[in-house]
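Asks: Take a look at this one; I'll ask things after.
The values are calculated or read from the model by the stated rules, or taken from the named source; none is laboratory data. Fair warning: this is a prediction, and the values are worked out from it, not measured in the lab. Here Cβ is always computed from backbone atoms with ideal geometry, including for glycine, and neighbour counts include all displayed protein chains.
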Amino acid sequence: MNTADVAHKLGVSTKTVQRWVKQLQIPASRNELGHYSFTDDDMTILEKVKEQLKNGISMQDIIVQRKKKSFLIERNDNSLSDHPKQFDEWLDQKMKQYLQHEQLERQLLQKKMAELERKLEQKADEVVSYQLLQQRRDLEEERQQIKDIKQKISELENNQAKEKDTIPLEEKPKSRFKSIFSF
């Protein structure tokens, strides 16, 4: 049955049927054009959905009874259930595909983690390098300031020594002892 047939039987619009299928994740199959194709079991599920809505149950509280079919089996593939050996082979093949996919995901995750760790280490190295360069600049500035201070102290000492040498002898203070004992 197509969507229009189901909608007509349920007495709702086709948009409503499509919304129910999407929101309630009803496992309806699709044809080659992408249109929903409903089985009698799907119709039963949709009738139960309509009944629950009619009884005042909100959309998020609706309970959908799903078929107890393996999630790996495609809806239109009844031939596998008739041949157990083929089903086992098919199931093994699907399991191998799943495991390969999982392994690829793990490898990709490991690569991403390694790349993130490398970037983190690089950033840490850059920060440490920046801090070291900044400390070197600060030390060089302090050394230069110390050099400048030493030079100023030397200049002051030289100026002071020159001033002592240039003071005339008469102006040099006389010793107090002489002045007290001199007559």
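Asks: Go through the stretch 1-33 residue by residue and tally those that are within 13 Å of Lys50 (Cα to Cα) and of a type in the set (D, E, K, R).
Replies: 2
Asks: Let me ask another. Does Ile149 qualify as being out of contact with any strand residue (DSSP E or B) (no Cβ under 8 Å at 6 or more places or on another chain) and at pLDDT 95 or above?
Replies: Considered against the rule, which asks whether it is out of contact with any strand residue (DSSP E or B) (no Cβ under 8 Å at 6 or more places or on another chain) and at pLDDT 95 or above, Ile149 comes out as yes.
Asks: A further question follows. Taking Ala28, is it over 26 Å from Asp61 (Cβ atoms) and small (Gly, Ala, Ser)?
Replies: Here the answer is no, as Ala28 does not meet what is asked.
Asks: Could you name every one of the helices (runs of 4 or more DSSP H) located completely within the stretch 1-67 that has at least 1 residues being touching a strand residue (DSSP E or B) at 6+ places or on another chain (Cβ under 8 Å)?
Replies: 3-10, 14-23
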